[in-house]
Structure formats: structure tokens, C-alpha cells
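Scroll down for the structure; my scribbles are underneath it.
The values are calculated or read from the model by the stated rules, or taken from the named source; none is laboratory data. Note that the coordinates shown come from a computational prediction; the quantities given were computed from them, not determined experimentally. Heads up, the Cβs are rebuilt from the backbone with ideal geometry, glycines too, and the neighbour counts pull from every protein chain shown.
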Amino acid sequence: MAQSPDRPVILITMKIHLTPSLLMAAALVACSALMAEDAKKESVSVAFHESDKFTDARSSFGGETDKHYLDTLATHLKKSAERRLAPGQKLEVTFTDIDLAGDFVPTNANAHDVRVIRDIWIPRQKLTFRLLDEQGQVIKEGERRLTDLNFMNNPGLIGRSEPLFYDKALLTDWIAKELKS
């Protein structure tokens, strides 16, 4: 609100006396809000089984599995799934293999950490999952092998320059199909 030079500003202050019981109530409300947020965050859990043996989840030629890449995929999966889960549902996902889109071409020593995306190096993910209801009963479970042979030719995909774009798109598509309402 803009202040007019013709109008005086009136400030009203109140002295609030906080009793121990009022402080306790405020603390409980704050804790409840934090616990609710934590519960929402815990509605999707992601694990990586023997990630050091994954086909290709590395960020350089001949490198080891990149934990940052795994964390990026886990974060994306959690966000995608949380939007589609019914209240109280939980999703547990364990990746057993990942083969990221593209690969490293060892022909140029200066480009050992440049992932080249070509349609012959398709994204593949193998995972197991369990979808649980509010009481912890299994609604759906199984093993899925995710792949998209046509990953580079989908005209509807926007943002292809984003890191792990095709791999994230594979997860988004799976979540949409698996958790459709």
C-alpha cells in the first residue's frame, strides 16, 4: 500500500503475554505442520540396489556411478509420484539397473565427460516397486523394465537440454501410466 504524504501513518502495537500453555500450543502447531510436511515427503521412497553394478549411470568415460545422477533421478521420481498419489498412499521404488540415454565417445580425449545423445543409446531402467494404501496394505507391486526406443523422436518433449532429460521423461511416463487415477 502506497503511503500518501497527506495521510499520517498509524501504527497499532499490541502487547501479547505468552503463557507457557500458549507457547506449548504454538510449538505443537508448528511441529504438526513440520510432521505433515515430512509425512508428505516420505510418501515416496527411492533406493538403488548395487548401484556400482548399474549398466551406465556415470558422468564420464570409464567413470564410476555418479551419485549426483542417482539423486537427480530420485528427486524427479519423488516429485512426479507425489503429485499422483492419493492421500495416505506410499510408493516404494528400488532401481536394480540404469542405463542412461546416450554414451561417451572415447575418440576425443578432451571430451571424456561429454555424454553424446544418439538414438542407438536408449534410456533403460529396471526397477521394482510397491504401492501401499493408508494401512500399509499392498495395492500394486511388481518389476518394470522401462525403455523408450523412440525417445528422441517425440515432438511433445520440451526442455531436451536439461540434464538427464530423457531419463526423467521415462520415469514421468511410467508414473503417469502406473498411478493413473
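Of all the numbered requirements in (1) at pLDDT 90 or above; (2) of a type in the set (S, T, N, Q); (3) more than 19 Å from Lys177 (Cβ to Cβ), Thr55 misses one, and that requirement is (1).
If we scan region 113-123, do we find a residue that is at pLDDT below 95 and closer than 18 Å to Phe48 by Cβ? Taking every residue of region 113-123 in turn, at least one turns out to be at pLDDT below 95 and closer than 18 Å to Phe48 by Cβ.
For residues in region 72-102 being among the β-branched types (Val, Ile, Thr) and either at pLDDT 95 or above or surrounded by fewer than 18 Cβ atoms within 10 Å (Cβ to Cβ) (or both), which is nearest to Gly136 (Cα to Cα)?
Val93
Against the test of being surrounded by 11 or more Cβ atoms within 10 Å (Cβ to Cβ) and either more than 22 Å from His76 (Cβ to Cβ) or modelled with pLDDT of 70 or more (or both), the options Leu157, Leu149, Leu164 yield a single qualifying residue, Leu164. Considering only residues in region 41-52 that are over 14 Å from Leu132 (Cα atoms) and exposed (fewer than 13 other Cβ atoms within 10 Å of the Cβ), the one that is modelled with the highest pLDDT turns out to be Glu50. Of the listed requirements (1) part of a helix (DSSP H, G or I); (2) modelled with pLDDT under 80; (3) surrounded by 11 or more Cβ atoms within 10 Å (Cβ to Cβ), Thr172 misses just one: (2).
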